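Okay, so here's the structure we're looking at.
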Amino acid sequence: MSRVLFFIGEGLRALRRSAAPGVASIVTVAVTVLLLGVLIPVLQTTGGKTDEVRDQVGLNTFLYDDATPEEIAALETEIQGIAHVESVEFISKARALEILRDRLEAEDKADLTEQLPGARNPLPASFKIKPDNLDNLESIRSALTPPGAAGTPEPISPIIEEVVDSRDEASSIRTVTGAVKWFLIVIAALLVIASLLLVGNTIRLSIYARRREVEVMQLVGATNWFIRWPFMVEGLICGFIGGAIAVAILFLGKEAVVDPLADSVNLISGEETIAFAKLVLVLLGVAMAVSAIGSGITLRRFLRV
Amino acid sequence: MARHQTSALLRERGQRRPEHLTERRARPPIVELRKVGKVYPGGHVALERVSLRVDRGEFVFLVGPTGCGKSTLIKLLIRELEPTQGEVLIAGRDIATLPDKRIPHLRRRIGTVFQDFKLLPSRTVYDNVAYALQVIGASRAEIRSKVPDALRLVGLADKTGNYPDQLSGGEQQRLSVARAFVNHPPLLLADEPTGNLDPATSVGIMQTLYRINKTGTTVVVVTHDREMVDKMRRRVIALEAGHVVRDQAAGRYTDEESTREFAARLRDEMGVEDEAY
């Protein structure tokens, strides 16, 4: 116990005696953590957006107009039985027209449906099928239209006119969202690596300034861990202060900028992003661990006898 | 005055050499070199086939011109360097066989006064000495009682709060001695402890080393100050170009001198009037 107190005292003393390297480490850690703190929620938000886009991709099964309600109900049960189907939604002819009207209205275009002759509804009824996973779209499709005797796809029910999937659309969405995600991950990884190197370098400089001291300690008979602990305590303290500064800035930014925007801008939907308290804990933990371990590893070079 | 204070740390034990020297000859010598050679990377030969032994309680001078391998020899003893051939034995153990983890323990048993002092610049005089005790896990109480004693021994009792850069060269040297001795190592190595010091201060340091030797500690002093060595009348090992060229007692070998008598004679012979400290 007295050892632990001694090491903590030593770490604090070193910070008091030479403030400049400590301040450098603190600033570096603060900047790094700030970057991470912004990046983590952004990454998660784009993840959320991607999911939203994926939600809209499905399989539309258009039906003949003369399908009876019994036939439709039977088909619905059948579709629900297909593997990988997450949900099935029946869209009647009237509903389809309604959707079209809404969409036109939303895009500020004239309501073309009023010009339909004799108020005839040309839109077919359909089933909107959502797969549990975008990649399973194809297997559902082949379940709906298995190859018949002639080798050409035959629908499982006579009321099915056509099965349309937005396959090309889906795959392009998949590529784009995948690319965006990977792009962000790569940038995040590069940033993290750069910051780790930066923190490591700052620590190395501060230790390099004291390598004579380390040498003397060794010659007086200090074990490597006896020399190392105060440096790690110092790193821990710098990491904590730097992390705390970054968290404070993040908090101010969240209160002043993000939260007011969150109500009006849909992009910053708070639900999928990490809870702030959890984020703070993660960031502080990372900051302290990185600077303490960084100190320990850097010292190893000077500790070789 | 510091000199007259009786230190609990260093009570002189009469006028005789420590008993274990004469009675227990069977114990291995505290330092033994067997055909030790050291060639530095680049081909410079610092030591060549050096064999010597130092028994417990001895006071030995290691002399020779600059570059003859004296400092290398000291570095070999604390395994700051490793010999390229031969064996270095401390208390009968070949230190090349020590695992790296045990090196700090070896160094704790050997007090070393370095040529360049090797003080910790960010620590006060007191803390520099205390560090040598903290390293071995001494309790606070132990540190509080031993550090002032050691500082009194070297005459720095009134400078405890100063930092090394606020001390004179001689004071830094004495601080280095205090740190080397504070945990009572059985072996004390001093590399040029009087280098660049005025004669009065040199005598003071030698007196301190002599006093430490009287408590039973083996003392090995490296120096190129032949005059001082001749007057000390101790065993002298002379090195030249990496070889031992002489190993004998210089002058009348007087065992029976007290520290006071020793210092008085030394001052007299060196022509030093005042006390060093």
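In straight-distance terms, cross-link reach from A:Lys130 covers every one of the lysines whose alpha-carbon lies under 22 Å from its own, apart from those fewer than eight places away in the same chain; here that gives A:Lys49, A:Lys93.
Surface composition of the protein assembly as shown: carbon plus sulfur atoms contribute 56% of the solvent-accessible area (1.4 Å probe, protein chains only, all chains present). Accessible area per residue was computed with a 1.4 Å probe on protein heavy atoms; B:Glu261 scores about 100 Å². Couplings 3J(HN,Hα) of region A:60-72, computed from phi: 9, 10, 7, 10, 5, 5, 8, 5, 7, x, 5, 4, 5 Hz, in residue order, whole Hz [Karplus 6.51 cos²θ - 1.76 cosθ + 1.60, θ = phi - 60°; x for Gly and Pro]. Measuring only protein heavy atoms, the 1.4 Å probe finds A:Arg103 accessible over about 140 Å². Probing with 1.4 Å while keeping every protein chain in the model, the per residue accessible area of the protein assembly as shown equals 51 Å². In the structure shown, do any of B:Lys35/B:Lys214; B:Lys118/B:Lys159; B:Lys70/B:Lys118; B:Lys70/B:Lys159 have a Cα-Cα gap over 26 Å, and if so which? The pairs that break the limit, which is 26 Å between Cα atoms, are B:Lys35/B:Lys214; B:Lys70/B:Lys159.
Site pair B:Glu87 and A:Tyr208 shows an inter-label distance of 4.3 nm when each label is modelled 7 Å from Cα along Cα→Cβ. The label-point distance for A:Ser139 and A:Arg17, in a model that sets each label 7 Å from Cα toward Cβ, rounds to 6.7 nm.
Accessible surface buried by the B/A pair amounts to about 1900 Å², both sides summed, 1.4 Å probe. A full extension of the chain between A:Val38 and A:Thr68 corresponds to an added length of 5.3 nm, given 0.36 nm per residue minus the alpha carbon distance.
What the Kirkwood sum gives for region A:58-165 is a hydrodynamic radius of 15.1 Å, with every pair of different alpha carbons counted. Computed with the Debye formula from one identical point scatterer per Cα of region B:109-164, without solvent, the log10 of I(q)/I(0) at q = 0.13, 0.21, 0.28 Å⁻¹ comes to -0.31, -0.84, -1.35. Using a Förster distance of 25 angstrom, determine the FRET efficiency expected from the C-beta separation of A:Phe251 and A:Leu191, and round it to 0.05. For A:Phe251 and A:Leu191, the calculated efficiency is 0.75. Counting only DSSP beta bridges whose two residues both lie in the protein assembly as shown, roughly 65 percent are antiparallel.
When both region B:101-162 and region B:61-88 are represented by their alpha-carbon centers, they are found 24 Å apart. So what's the back-of-envelope 222 nm ellipticity for the protein assembly as shown, counting only DSSP H runs of four-plus at -39500 (n - 2.57) apiece and dividing by all residues, rounded to 500? My calculation for the protein assembly as shown gives -16500 deg cm²/dmol from helical runs alone. Of the peptides B:39-51, A:181-193, the ranking by mean beta-carbon count within 10 Å, highest at the top, reads B:39-51, A:181-193. Grouping the Cα pair distances of chain B into 5 Å bins from zero gives a pair-distance distribution of 1, 6, 13, 17, 20, 18, 14, 9, 3, 1, 0 percent in increasing distance order. The alpha carbon radius of gyration of the protein assembly as shown, expressed as a multiple of 2.2 N^0.38 Å, is 1.68. In this structure, B:Glu227 and A:Val4 have a Cβ-Cβ separation that, at R0 = 45 Å, corresponds to a calculated FRET efficiency of about 0.30. Given R0 = 41 Å, the distance between the Cβ atoms of A:Ala179 and A:Thr152 translates into a calculated FRET efficiency of 0.70.
Ranking A:Thr77, B:Thr112 by solvent-accessible area of protein heavy atoms (1.4 Å probe, all protein chains present), from largest to smallest, gives A:Thr77, B:Thr112.
The values are calculated or read from the model by the stated rules, or taken from the named source; none is laboratory data. These numbers come from a predicted model, not from an experiment. Note that each Cβ is placed from the backbone with ideal geometry, even for glycine, and that neighbours are counted across all protein chains shown. Each accessible area value is taken on the protein alone, full model and side chains, heavy atoms only, with ligands, DNA and RNA left out. Shrake-Rupley method; radii C 1.70, N 1.55, O 1.52, S 1.80 Å.
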